[in-house]
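Novice: My structure is below; once you've seen it, I'll send some questions.
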Amino acid sequence: MNSNQLLKIVELYNRDNHANFGEIKISRIADWKSTFVEQTDEVGREVTLQEFKVDGTTYWAGFSTRSHTVYLSLAG
């Protein structure tokens, strides 16, 4: 997923608080996180988040290809 696609999902979440975007799930994680370790069974995989500013609110967001999930963290 590229940055433009991720930005559109963050905008949708910010404006309408959707939990899904098609087959992509949106999961809110703790505030101020720029990385997230996704646990699958006994294996952890790091998802690096990018900064996005939407309507004056700053989010960190990243996409996991394993679970098709966008992880969002409020940054400001």
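Novice: In region 62-76, which residue that is in a loop (DSSP other than H, G, I, E, B) and in contact with a Phe, Trp or Tyr (Cβ under 9 Å, 6 or more places away or on another chain) is surrounded by the fewest Cβ atoms within 10 Å (Cβ to Cβ)?
Specialist: Gly76
Novice: Would you check if Thr69 is more than 18 Å from Ala19 (Cβ to Cβ) and either within 10 Å of the chain's Cα centre (by Cα) or among the hydroxyl-bearing types (Ser, Thr, Tyr) (or both)? I'd like the intermediate steps shown before the answer.
Specialist: Values: more than 18 Å from Ala19 (Cβ to Cβ): no; either within 10 Å of the chain's Cα centre (by Cα) or among the hydroxyl-bearing types (Ser, Thr, Tyr) (or both): yes.
Criteria not met by Thr69.
Novice: Also: Determine which member of the set Thr69, Thr40 is among the β-branched types (Val, Ile, Thr) and modelled with pLDDT under 90.
Specialist: Working: Thr69 fails: modelled with pLDDT under 90.
Thr40 is the lone residue from the list that is among the β-branched types (Val, Ile, Thr) and modelled with pLDDT under 90.
Novice: I'd like to verify a number: residues in region 26-61 that are part of a strand (DSSP E or B) and either free of Cβ contacts under 8 Å to residues at least 40 places away in the same chain or of a type in the set (Lys, Arg) (or both), how many?
Specialist: Total satisfying the criteria: 17.
Novice: Right, here's the next one. Could you please find all residues in region 1-25 being outside any loop (DSSP other than H, G, I, E, B) and either charged (D, E, K, R) or touching a residue at least 60 places away in the same chain (Cβ under 8 Å) (or both)?
Specialist: Leu6, Lys8, Ile9, Val10, Glu11, Arg15, Asp16, Lys25
The values are calculated or read from the model by the stated rules, or taken from the named source; none is laboratory data. On a predicted model such as this, the values are computed, not experimentally measured, just so you know. In this analysis, Cβ positions are derived from the backbone assuming ideal geometry, glycine residues included, and neighbour counts consider all displayed protein chains.
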